[in-house]
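The values are calculated or read from the model by the stated rules, or taken from the named source; none is laboratory data. Since the structure is predicted, the reported quantities are computational estimates derived from the model, not experimental observations. Cβ placement follows ideal geometry from the backbone for every residue including glycine, while neighbour counts extend to all protein chains displayed. Calculation scope for accessible area: heavy atoms of the full protein, side chains included, ligands and nucleic acids excluded. Shrake-Rupley method; radii C 1.70, N 1.55, O 1.52, S 1.80 Å.
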Amino acid sequence: FKQAIVDSTPHIYTSGLALSPEQSHFALVKKQKFQHLFSLESGNIKTWIQSALVIDVGRDVLCICYSPNGEHVVSGCGNGLLRLWDAKTGKALRDLQKHTAAVRSVAYSPCGKFICSGSYDQTVTIWDAKTGK
């Protein structure tokens, strides 16, 4: 069945093909094979837009949230760790560790003073965003 699967999987990608940047590897390889697909008349970009910043967390990230003022990012990981980052530089500012299982959700309070995290350890923790306690 391998060849049948290989031949039939393009339908999964064709919807994304029309929106892919014209010079992306994906478009250059696949558009030749599917020339009669719909395409955008305007607004298509030539290449992928560069990310403003990539933060290498060094472990699996399950959730993230920007602070309301945009200065910080908090990430929740599979090992129960939350980490606070400087959103402009990507520098790690502090680790928050109380969960004993993966952190599944994280959010800032609207005022930005608190961070709330939920975990597979069946707990919700409310943290002081400034002190991490």
Legend entry - Near pairs, Cβ below 6 angstrom, 6+ apart or cross-chain, from the stretch 106-133 (within 12 Å of VAL74 (Cα to Cα)) to any residue that is among the polar types (S, T, N, Q) and open to solvent by less than 50 Å² (accessible area, probe 1.4 Å): VAL106/SER117; TYR108/SER67; GLY112/SER67; SER117/THR125
Inset, instruction - Test GLN122 against the stated conditions and say whether it is modelled with pLDDT of 95 or more, out of contact with any Cys (no Cβ under 8 Å at 6 or more places or on another chain), polar (S, T, N, Q) and open to solvent by 50 Å² or more (accessible area, probe 1.4 Å). - result: yes
Legend entry - Filtered residues of the stretch 88-101 (kept if open to solvent by less than 40 Å² (accessible area, probe 1.4 Å) and farther than 13 Å from THR125 by Cα): GLY90
